[in-house]
Each structure stands twice: as C-alpha cells, then as structure tokens.
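Worksheet: the structure to be examined is printed underneath.
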Amino acid sequence: MADDDSVRYLLLSEDYVPLVGGHIMWLHEICRRLGNVRVLTSAVGHLPATEEADGVSIHRIRLKRHIFLRPESLFLYAKYLVRGALDALRTRPDVVIAARVLPEGLVANVVSKVLRIPSVIFAYGEEIATWGKAGVAAARRRLTGRLKESCLWRSFRATNRIVAISQFTRNLLIEAGVHAKTVFVVRPGTDPVRFVPSEKNREMIARLGLDGKQVLLTVGRLCERKGQDTVLRAMPAVLREVPNAVYLIAGDGEYGSELRELADSLGIAANVRFLGEVPQEELPDIYGLCDVFVMPNRVLGGNDVEGFGIVFLEANACGKPVIGGRSGGVPEAVVDGETGLLVDGSSPAAVAEAVLRLLRNPDLARRLGRAGRERVCRELTWDHTGAQVKRLIEETVRGFGDTRNRGARHGT
C-alpha cells in the first residue's frame with residue numbers, strides 16, 4: 001500500500017465517460033468516491049489521451065476489434081494486457097479493478113498475478129447470462145462463443161473478489177460454481193439532489209405537446225429486453241380509458257425503427273413521442289414530465305436480462321411511481337406495492353392494468369413515488385454505493401497483504 005496508507009486503484013474499463021450507459025455511470029460514481037483512481041480505457045474520438053474528470057485520472061489508449069479475427073477482440077485483449085501490465089508496473093497500484101469480466105477481468109487477473117496484487121471484478125448480470133451460456137453466441141460463432149464462455153468463468157473464479165450489483169447477479173455466479181465467499185452484493189444508487197421532485201418544465205410541455213396530458217415514460221436503450229414494445233401494445237387499452245395518455249420513449253438503439261413501425265401499425269403514433277438520446281442535464285426534467293415511469297423488462301431467449309435498473313431509482317428519486325418487469329434484478333430495484341408495481345413484462349394486458357391502476361388512483365401513485373424517494377435517500381444513493389465498494393476493496397487489499405505476509409513468513 002502507499003506510504004500514507006491510502007489505496008491506489010487501477011481500473012480497467014474499455015468504456016468510460018463521456019460515453020453513457022448504466023455500467024459506465026456506476027463506474028464513474030464509484031471512482032469519484034474511491035479517490036486515487038487511475039482509469040485505463042479506450043480512446044474516444046478527439047478526446048485527450050490523458051485528463052482529469054471529477055478527481056479521476058483517465059488515460060486513453062487505442063483499442064480496436066477486427067472483424068476478420070476469431071475472436072474479433074483478439075488484438076484488443078493482447079494490447080490491453082500489455083498496456084495494462086506496463087501501466088501497473090510503472091504506477092504500482094495496490095489493486096486492479098475490472099469494469100467487466102471480459103475483456104477487462106481477464107486482463108486484470110493476469111496483471112494481478114504479475115504484480116502480486118489483488119483483483120476485483122464488477123458483475124452486472126446481462127454479461128453472465130449472455131457470455132456465460134454458449135447459446136446465441138455459439139450458434140453464430142461456435143468457437144468464439146465457447147472461448148468466451150470458458151474465459152468468463154475462469155476469470156470470475158480466478159479473481160479475489162466480485163462485486164455484484166444485485167442478489168440476482170450473485171445467484172447466477174454461485175449457481176455456476178463461483179465460490180460464494182468471493183461474491184458480494186452492492187446495489188447501484190442515484191443522486192437524490194440531482195433527481196428531485198419538481199414542477200413540470202413548461203417549455204418541454206409546450207415543445208412536446210403535453211399540455212393536459214397524462215404521461216408515461218421509459219428511459220433506456222431501445223432494445224427488446226427493455227419492453228418499450230410491450231408498453232406500445234398496451235397503449236390501445238390505456239387510451240380507451242385514458243384518451244389523453246401520451247407515451248414518451250427516451251433513448252436510442254438498434255430497436256428504434258421497429259418501435260416506430262409498431263406505433264404506426266397500432267394507430268397510436270399521435271400518442272407516442274420518440275425523444276432520442278436525452279442529454280444528461282435534461283434527464284431530471286424529463287422524469288419530471290411523467291405521471292408514471294414504466295419499463296416492463298423481460299428475459300429474452302434465456303440470455304438477455306436486466307441486472308438491476310438504475311432508471312427506476314432515478315424516477316423514484318423524482319417522486320414518480322414506477323412499473324417494472326418481474327425478472328432479473330428489477331425486483332430489487334422496485335419494491336412491489338411499496339415503491340412501484342411489478343408485472344409480467346411480456347404481457348401488454350398486465351402492463352395496461354398496472355398503468356391504469358396508477359393513472360386512475362393519483363393518491364396511490366403519489367404514495368408509491370414518495371416511498372420510492374424515501375428509500376433512495378435512506379439506502380440507495382451513490383454515496384451509499386461508493387462507501388460499500390470502497391470498504392470491500394480495502395478489505396480485499398488488506399486481506400491479500402496479510403496472506404502474502406503469512407506466505408513469506410512460512411517460505412512460500
């Protein structure tokens with residue numbers, strides 16, 4: 001450890017800010033609170049190779065996949081391994097942290113062995129369900145799928161500690177044979193100072209044509225797992241009873257054209273607004289526009305799964321009732337009947353029933369939203385999350401040092 005007894009952290013993350021995404025937000029909020037963090041990540045556009053962001057030292061290198069290779073990330077892994085080892089040898093961190101199990105966890109474990117320092121891997125759920133089962137990947141690229149599956153489990157089993165974002169994710173790991181004593185749950189948080197109950201933004205209401213409307217909202221990547229299509233299919237039933245309902249879809253992704261076509265085919269396009277990727281600074285106002293936040297996620301093909309769902313916490317922090325799918329780690333983000341409602345995310349009828357229940361009963365909606373904010377402030381802020389992760393990693397470093405010292409004393 002450093003002379004001042006503060007832990008020096010090296011974080012390996014292929015993606016980092018200013019890119020957006022749930023796991024990137026998790027990483028940066030934790031790094032801000034750890035202190036003394038050096039991030040080794042991939043270059044983005046014309047951003048500088050080295051910079052400071054919120055007290056985090058960010059160092060970017062060129063990492064590239066090549067589609068003619070099998071696996072296409074072969075060179076990326078090799079370069080990341082060499083640069084990660086060289087960077088660690090030069091800066092001498094006390095611990096190496098992997099943002100994900102692949103490619104970062106594989107590299108982190110090698111660096112850990114070379115420098116004789118502990119490694120920690122963050123686990124979310126989606127990557128375990130996808131890469132940890134040969135399924136879809138193997139059907140397309142059998143050898144690559146099996147190789148990733150093997151590397152994933154070897155990496156998880158070789159690391160000193162795993163931080164899982166939900167009990168659901170922890171259970172996936174343990175069921176696959178990862179030792180339970182190495183896996184700890186730290187749930188994501190949010191910022192209840194930034195996300196706060198507020199009056200609806202009048203300029204946005206005018207711009208989006210929401211005056212006098214009852215508003216549903218989903219924030220998230222446009223993909224089948226998130227369930228925007230289920231909400232669209234529920235809208236005709238909602239509109240029969242609440243004709244002034246409007247559905248806002250915030251986010252971008254590969255499923256956007258299908259969702260637009262679906263809205264047209266259902267004849268509800270006039271009651272749907274596709275907002276695209278919303279700038280981070282506008283998100284609190286976007287949440288403020290809605291009467292109900294809804295993201296009826298579900299598991300697709302046994303692989304694609306929601307590990308937690310930070311957006312539910314953001315909406316709750318804004319005092320909004322939430323509706324989530326009863327799958328993956330979402331039941332840990334949404335307390336059914338207390339901070340929101342859980343439904344079968346594959347059932348438009350179940351989604352419509354839950355939406356109408358909240359729109360018809362504003363007292364219930366207010367109670368759920370208020371309880372959701374209270375829960376966030378009590379136990380699910382980024383300060384809570386950062387403190388727990390910091391404690392776990394510091395314990396790992398101390399325990400690793402004790403083990404090395406015992407081994408040295410016994411000549412091992």
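Residue check, ALA269 against (1) small (Gly, Ala, Ser); (2) in contact with a helix residue (DSSP H, G or I) (Cβ under 8 Å, 6 or more places away or on another chain); (3) touching a residue at least 24 places away in the same chain (Cβ under 8 Å), all met but one. Which one?
Only one criterion is unmet by ALA269, namely (3).
Quick check, is LYS200 under 17 Å from PRO296 (Cα atoms) and basic (Lys, Arg)?
Details: under 17 Å from PRO296 (Cα atoms): no; basic (Lys, Arg): yes.
For LYS200, the condition - under 17 Å from PRO296 (Cα atoms) and basic (Lys, Arg) - is not met.
Taking GLU281, is it farther than 18 Å from GLU338 by Cβ and assigned by TED's automatic domain parsing to the domain that holds THR339?
yes
Return the residues of region 348-403 that are buried (at least 20 other Cβ atoms within 10 Å of the Cβ), closer than 18 Å to GLU29 by Cβ and among the hydrophobic types (A, V, I, L, M, F, W, C); say none if nothing qualifies.
VAL376, LEU380, TRP382, VAL389, ILE393 - these are the residues of region 348-403 that are buried (at least 20 other Cβ atoms within 10 Å of the Cβ), closer than 18 Å to GLU29 by Cβ and among the hydrophobic types (A, V, I, L, M, F, W, C).
Determine, yes or no, whether VAL120 is closer than 23 Å to GLY177 by Cβ, modelled with pLDDT of 90 or more and crowded, with 22+ Cβ neighbours inside 10 Å.
Values: closer than 23 Å to GLY177 by Cβ: yes; modelled with pLDDT of 90 or more: yes; crowded, with 22+ Cβ neighbours inside 10 Å: yes.
Answer is yes for this residue.
So, restricting to helices (runs of 4 or more DSSP H) that lie completely within region 309-412, which ones have at least 3 residues that are out of contact with any helix residue (DSSP H, G or I) (no Cβ under 6 Å at 6 or more places or on another chain) and modelled with pLDDT under 95? Show your work before the answer.
Working: elements: 310-317, 330-333, 348-360, 362-379, 382-409.
So the answer is 382-409.
Does VAL136 satisfy the criteria of being surrounded by fewer than 20 Cβ atoms within 10 Å (Cβ to Cβ), closer than 21 Å to GLU394 by Cα and at pLDDT below 95?
no
Just to check your reading of the model, which residue among PHE274, PHE312 is under 24 Å from the mean Cα position of the chain (by Cα), surrounded by fewer than 18 Cβ atoms within 10 Å (Cβ to Cβ) and among the aromatic types (Phe, Trp, Tyr)?
Values: PHE312 fails: surrounded by fewer than 18 Cβ atoms within 10 Å (Cβ to Cβ).
Sole residue among the options that is under 24 Å from the mean Cα position of the chain (by Cα), surrounded by fewer than 18 Cβ atoms within 10 Å (Cβ to Cβ) and among the aromatic types (Phe, Trp, Tyr): PHE274.
Taking the stated definitions as given, is ASP211 within 24 Å of the chain's Cα centre (by Cα) and of a type in the set (Asp, Glu)? It would help to see each step written out before you state the result.
On the way: within 24 Å of the chain's Cα centre (by Cα): no; of a type in the set (Asp, Glu): yes.
Spelling it out, it is not the case that ASP211 is within 24 Å of the chain's Cα centre (by Cα) and of a type in the set (Asp, Glu).
Just give me the residues in region 179-197 being part of a strand (DSSP E or B) and closer than 12 Å to SER166 by Cα, in sequence order.
Filtering region 179-197 down to residues part of a strand (DSSP E or B) leaves 183-185, 190.
Listed by number, the residues that qualify are VAL183, PHE184, VAL185.
Every residue in region 234-286 that is closer than 26 Å to ASN316 by Cα and among the β-branched types (Val, Ile, Thr), please.
Once the filter is applied, which keeps residues that are closer than 26 Å to ASN316 by Cα and among the β-branched types (Val, Ile, Thr), region 234-286 yields VAL238, VAL242, VAL246, ILE249, VAL272, VAL278, ILE286.
For region 196-211, check the following and say yes or no: at least one residue is crowded, with 18+ Cβ neighbours inside 10 Å, in contact (Cβ under 8 Å) with a residue 40 or more places away in the chain and assigned by TED's automatic domain parsing to the domain that holds LEU313. Break it down stepwise before answering.
Taking region 196-211 first, the residues crowded, with 18+ Cβ neighbours inside 10 Å are 210.
Restricting the remaining residues to those that are in contact (Cβ under 8 Å) with a residue 40 or more places away in the chain gives 210.
Right, trim to assigned by TED's automatic domain parsing to the domain that holds LEU313 and you get 210.
Among the residues of region 196-211, at least one is crowded, with 18+ Cβ neighbours inside 10 Å, in contact (Cβ under 8 Å) with a residue 40 or more places away in the chain and assigned by TED's automatic domain parsing to the domain that holds LEU313, which makes the answer yes.
The values are calculated or read from the model by the stated rules, or taken from the named source; none is laboratory data. The structure presented is a predicted model; accordingly, all values stated were derived computationally and were not measured. We place every Cβ from the backbone using ideal geometry, glycine too, and count neighbours over all the protein chains shown.
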